[in-house]
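Peer 1: Take a look at this one; I'll ask things after.
The values are calculated or read from the model by the stated rules, or taken from the named source; none is laboratory data. Since the structure is predicted, the reported quantities are computational estimates derived from the model, not experimental observations. Using ideal geometry, Cβ is built from the backbone for each residue, glycine included, and neighbour counts are taken over all protein chains shown.
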Amino acid sequence: MKPLEILKTAITNSFRSKLRTSLTILAIFVGAFTLTITNGLGTGISNYIDSQIAAVGSSNSFTINKTDANANPVSGPKKYDASNRVLASGARPGSTQPALGQADLDTIGAIQGITGVTPVMRLNPDYIQWNSHDKYQLSVNPLAGAQPQLDAGTSMDDAVTEPQLILPATYVAALGFADNDQAIGQDVTIGITDATGTKHPITARITGIEQSALLGGGGAFINKSLSTALADAQNTGAPAAATTAWANATATFAPSSASQISDMKAGLAAVGYTAQTLDDQIGTVKSIINGIIGVLDAFAVIALIAAGFGIVNTLLMSVQERTREIGLMKAMGMGSGSVFGLFSTEAAFIGFLGSALGSAAAIGLGTAVSGLLARGPLSDLAGLRVLAFAPGPVTGVILLVMAIAFIAGTLPAWRAARQNPIDSLRYE
C-alpha cells in the first residue's frame, strides 16, 4: 500500500470501535491538556520576568563592584589602608565597601569584551513638583540600557541634551495631572541639595509613563542629560575627591555567549572586581520557577505514559478482532512492513487527535483565564499574562504525544505484522 492509502485506511480503522477509541483519546487529551497548560504557564511567567529584567537594565551589562581585599571573616576592625577609599554600603549600619575611582574605570574598560564603563552616581533629589502643586519625594534611576514598559508616551533618548524622565504611574494623579496623556510632554521641577545645603531646581520633561512593575522600585528613569545636571548640582561645593568616588559601575558588552561572559567575569575577578549580570541577580528566582514548571511537566508526562498503555490495549484488541482481516490482506500480497505501518499510523493518529484536542482546549481555556486574572487579581502587575501559548512549545507537545503514541503502538503493530496469513484466515 502507498503511504497515503495507509493513512486513509488507518484513520478509518481508528473509529471502528468508537467508544474504545474515544476513551483512549480522552486519556491522551488529559495529558496533552495538562502539558500545554504547564508550558503556557512557563512561557507566560518567563516572558513577564524577561520584560521586567529589560525594564531595570540591559541584559548585556555587568554591575561591577570592587572586591574587598581586606575583608576579614573574623569580627573586629579592619586595618586602615590609605590607598583604599571606602563608602558606606547601606547593607547594614556602619558597613562599608571599597570605592571605585577613575583608575578603576580605566582598568575595567581595558578588559577584553567590555565596550563601555559608566560610574553609578548616587543621586538624592529632594522632591518633584509640577507647576504649583504639592511636592513629592522622588528616587531616580539612570536609564543605562533599561527598557521600561510604558503605559503612555515614548522612551527617552540618552543622546539628546534635553533633560528627560519617565514618570512612575503612581505619580500622575499625585502631581496634579488629570491622566497619563496630560502628563506627557509636561515640564516638572526636581529639587536637589548640594554639599553646602543650597537647593537647586532642575527642570525636566516627561516623555513617558511607566507601567507598575514587579522589579521596579517606584523611581523615575532619567536620561543622561538629566543625570548629569542632577550630579553637577548635587556636587556643587563638594571636594573634588568626593565627586570621583563611586560605589559601583555599569560595564556594557556586546551580545555574548555564556562562555564569553564567564571569561569576562574571570578577567575582572583577576584584577580585583566582582561582576554580576541581571540574570545573576535574579537567577535564583528563575531557577525556582523553572523547577516548579519542570515538576508539573513531569506529572503531565506521567499521564501521557499512562495513556500510552491505553493505546497498547486499544490496538491489541483491534489486532485480535481483525485477525482474519490481517490474514486476508497478507494473503492478497500486503507485506509485513505495510501491516506494521498501518497499525503504527493508527496509533500516531490517535495520539495526534488527542493531543490536538487537548492543546486546543488548553489554549482556549488558558487564554480566557489569563485574561480574567489580568483584569482582576493581577491587574496591578501590568503586562503579566500568566498563561501564554507560543506556536513552538504547543507544536512540541503535539509531536511528543504522537511519538509516545507511536512507540506505544509498536507492540501491537509488530504482533500484527508477524502473523501467519494461513493461521489468521483459520482464526475464529
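Peer 1: When residues of the stretch 241-279 are filtered for being touching a strand residue (DSSP E or B) at 6+ places or on another chain (Cβ under 9 Å), within 13 Å of PHE62 (Cβ to Cβ) and not in a strand (DSSP E or B), how many remain?
Peer 2: Matching residues across the stretch 241-279 total 10.
Peer 1: Just to be sure before I move on: is ILE11 at pLDDT below 85, hydrophobic (A, V, I, L, M, F, W, C), assigned to a helix (DSSP H, G or I) and at negative phi in the structure I sent?
Peer 2: Taking the combined requirement at face value, the residue satisfies it.
Peer 1: Looking at this structure, is SER212 without any contact (Cβ under 8 Å) to a residue 40 or more places away in the chain and farther than 19 Å from LYS66 by Cβ?
Peer 2: So SER212 does not fit the description; no.
Peer 1: Step by step: first the residues of the stretch 349-373, then only those that are among the polar types (S, T, N, Q) and under 26 Å from LEU7 (Cβ atoms), then the one that is modelled with the highest pLDDT. Which residue is that?
Peer 2: SER359
Peer 1: Could you list all residues from the stretch 285-342 that are of a type in the set (D, E, K, R), within 30 Å of ILE45 (Cβ to Cβ) and either modelled with pLDDT of 75 or more or buried (at least 17 other Cβ atoms within 10 Å of the Cβ) (or both)?
Peer 2: Within the stretch 285-342, just ASP297 meets the criteria.
Peer 1: Then there is this: Among the residues of the stretch 191-209, is any in contact with a Gly (Cβ under 9 Å, 6 or more places away or on another chain), polar (S, T, N, Q), buried (at least 21 other Cβ atoms within 10 Å of the Cβ) and assigned by TED's automatic domain parsing to the domain that holds ALA146?
Peer 2: Within the stretch 191-209, one or more residues are in contact with a Gly (Cβ under 9 Å, 6 or more places away or on another chain), polar (S, T, N, Q), buried (at least 21 other Cβ atoms within 10 Å of the Cβ) and assigned by TED's automatic domain parsing to the domain that holds ALA146.
Peer 1: Now for a different question. Being out of contact with any Leu (no Cβ under 7 Å at 6 or more places or on another chain) and within 29 Å of LEU411 (Cα to Cα) is the filter here; which residues of the stretch 346-383 pass it?
Peer 2: ALA348, PHE349, ILE350, GLY351, PHE352, LEU353, GLY354, SER355, ALA356, LEU357, GLY358, SER359
Peer 1: Residues that are in a helix (DSSP H, G or I) and either under 25 Å from the mean Cα position of the chain (by Cα) or modelled with pLDDT of 90 or more (or both): does the stretch 382-390 have at least one?
Peer 2: Among the residues of the stretch 382-390, not one is in a helix (DSSP H, G or I) and either under 25 Å from the mean Cα position of the chain (by Cα) or modelled with pLDDT of 90 or more (or both), which makes the answer no.
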